[in-house]
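As C-alpha cells, the structure follows; a few thoughts come after it.
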2 protein chains.
Amino acid sequence: MARTTGSDGEKTEAAIREAALDLIARLGFEAMSMRQLAASVGVQPAALYRYFTTKEALLHALMLEHMERLIASWGEARPARGSDKEKPAGRLAKFVENHIRFHLARRNATHVSNLELRSLSSERLEQILALRSQYEGELRSILTDGQREGVFQIDDVALTAMAIIQMITGVIVWFRPELRLSEDEVAANYHTMTMRLVGAEA
Amino acid sequence: MARTTGSDGEKTEAAIREAALDLIARLGFEAMSMRQLAASVGVQPAALYRYFTTKEALLHALMLEHMERLIASWGEARPARGSDKEKPAGRLAKFVENHIRFHLARRNATHVSNLELRSLSSERLEQILALRSQYEGELRSILTDGQREGVFQIDDVALTAMAIIQMITGVIVWFRPELRLSEDEVAANYHTMTMRLVGAEA
DNA sequence: GTATTAATAAAACGAACGTTCAATTAATTC
DNA sequence: GAATTAATTGAACGTTCGTTTTATTAATAC
C-alpha cells in the first residue's frame, strides 16, 4: 500500500501534533516512541518524518507553537492604551486571568512546554527560553510600573515575577475540571491572591 | 576481574544515589541509561542491580528518601507547642522558611521528585503521592487554623495551599546561588510574599 | 589459614529505539 | 487521460536499551 484515500497533509500534521501533545504529557517525551505516536495517529512510523525531520524537531515545533500562541493571547487580552484598565492593577488582573484561562485550556501543551525543555538541543532551547523571557518581561514591566506609581509594594520585581508565574502556572498541576471549583472561581481566586501578593489595595 | 579492593556496599549505594540524582536532574529519568549511571559511579552496569532491582525501583527509592527527609525536616523545624511561634503566623513563617531552605539545599532531588512522577508504576506513585499529601496537609492545617482565628484572610484553603506550595517550590527553577540574591534574602522575600498572600498583618 | 560471604566484572540476551529508503498509490495539473 | 506531485506504506539499518547469568576476587568470620 501507499497513499491512502482522503489523506491530507495539513490534517495529518495537525493530528500528529495533537496526539504528540497527549502522549508526551502522559508519558514524557523520552518515554514516548515514534512508533507509539504513529499508532496513535493511525499511520506508519515513516509517515511522521514527512512532517518533522526528527523527534526533537517535533518537540520543538510543539513548544514553539505553544509559546507563540501564549504571547499572541496576551497581545489580544492586554488592555488598550488610555482605557481605565491600563493602570498597573488592571493590567495585572488581565495578565493573571489570561494566563490562567490560557493554560487551563491547553494543559497538555503546558505540561510539555514546562517539563520537557531539557530534551531540546541548546540552540532550540535558547529560542524557546527567549520567547518565555519575552512573555515574563510583560509581567515584570507591569510590576515595575505599579511599583513606580506606588500602587504595588514589591521588594524585588524579578523575584516577584517568578513567584507569580510559578504560582499561576501551577494551577494545571492540581486543577481538575470535574471537581469542586469552576474555572471562573479559580481565576477569581488567583486574581485575589496575586493582588494581595503585590500589596495592592482591594 | 571481580570484587575490587576497597569496595564497600554502603558507599557504592550512596554513590549510585548521588550520581543518579545528578544525571536524572540533568537529563531526565528516561533519558538516563543504566550504562551512563554505572560509568558515572565508576562501576559496571551489572553492579547497579545488586542495590536496585530495576531502574524504576531506583527512581522510587530516590523519591521516597526525598519525601521522608522533607517530612522529617518539617518535624524538626516545626515550632514547639506553647511557644510564641505556635500561632498560625509563626508556623506559616517557619513552614515557608524550612521549605525554601530544604529545597535549595537539594535541588537535584527536588527536580527528580517533581518532574519524574510519571515514570513510577501506579503502586509506587500512590505511595509517593500519599507522602506528598501528608506534607501538604501540614500547610493546610496551618491555613485552616489561621482562618478560624481570623488572622488569615483565605477564600479557599486547599487552593491557597496549592498556590503557596507551587510558588515556594518554584524557587529552584530560577534561583542560582552565584547570582544577585543570597539564600537569606530569597527566604525573607518568599516569607513576605506568603504573608501578604494569606492576608496576614505585617 | 580455611570457609564463607560480599562486591564486582565480563559477556551476553532479546527487545525496542530513531531513522532511512525504495516502492506504491491517490490527488492534482494540464 | 497522461504527467506530475503529494502522501503513505513496508521493510530494513545499525544502535542502544534494561536486565540476567556466570565467574571471579576481596573482605570477613572462625
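The values are calculated or read from the model by the stated rules, or taken from the named source; none is laboratory data. In this text, all values refer to a predicted model and were calculated from it rather than measured experimentally. Glycine also receives a Cβ, built like all others from the backbone with ideal geometry; neighbour counts cover every protein chain displayed. Areas reflect the complete protein model, heavy atoms only, side chains present, ligands, DNA and RNA absent. Shrake-Rupley method; radii C 1.70, N 1.55, O 1.52, S 1.80 Å.
Listed values, structure above:
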| read-out | value |
| --- | --- |
| Number of positions in segment B:32-43 that are farther than 22 Å from B:His66 by Cα, assigned to a helix (DSSP H, G or I) and within 13 Å of DNA strand C (Cβ to nearest atom) | 2 |
| Test: residue in segment A:21-31 that is more than 14 Å from every other protein chain (Cβ to nearest Cβ), more than 15 Å from DNA strand C (Cβ to nearest atom) and closer than 14 Å to A:Ser113 by Cα | yes |
| Hey, B:Val157 at pLDDT 95 or above, at the interface with chain A (Cβ under 10 Å from one of its Cβ atoms) and in contact with a helix residue (DSSP H, G or I) (Cβ under 9 Å, 6 or more places away or on another chain) or not | no |
| Segment B:30-40: number of residues that are open to solvent by 10 Å² or more (accessible area, probe 1.4 Å), within 11 Å of DNA strand D (Cβ to nearest atom) and under 16 Å from B:Asn108 (Cα atoms) | 2 |
| The listed residue being within 11 Å of DNA strand D (Cβ to nearest atom) and part of a helix (DSSP H, G or I), out of A:Ala57, A:Ala46, A:Ala25, A:Ala20 | A:Ala46 |
| Segment B:41-78: number of residues that are surrounded by 16 or more Cβ atoms within 10 Å (Cβ to Cβ) and under 15 Å from the mean Cα position of the chain (by Cα) | 10 |
| Lone qualifier among B:Glu116, B:Glu97, B:Glu126, B:Glu138 - being within 14 Å of B:Met67 (Cβ to Cβ) and crowded, with 18+ Cβ neighbours inside 10 Å | B:Glu116 |
| A:Met67 being of a type outside the set (Asp, Glu) and outside any helix (DSSP H, G or I) | no |
| Subset tally (residues that are more than 10 Å from every other protein chain (Cβ to nearest Cβ) and open to solvent by 80 Å² or more (accessible area, probe 1.4 Å)) for segment A:184-202 | 2 |
| Residue count, segment B:107-159 (criterion: hydroxyl-bearing (Ser, Thr, Tyr), more than 28 Å from B:Glu183 (Cα to Cα) and either within 15 Å of the chain's Cα centre (by Cα) or not in a helix (DSSP H, G or I) (or both)) | 1 |
| Unmet requirement for B:Glu116, which otherwise passes all of (1) acidic (Asp, Glu); (2) more than 30 Å from A:Leu117 (Cα to Cα); (3) in contact (Cβ under 8 Å) with a residue 12 or more places away in the chain | (2) |
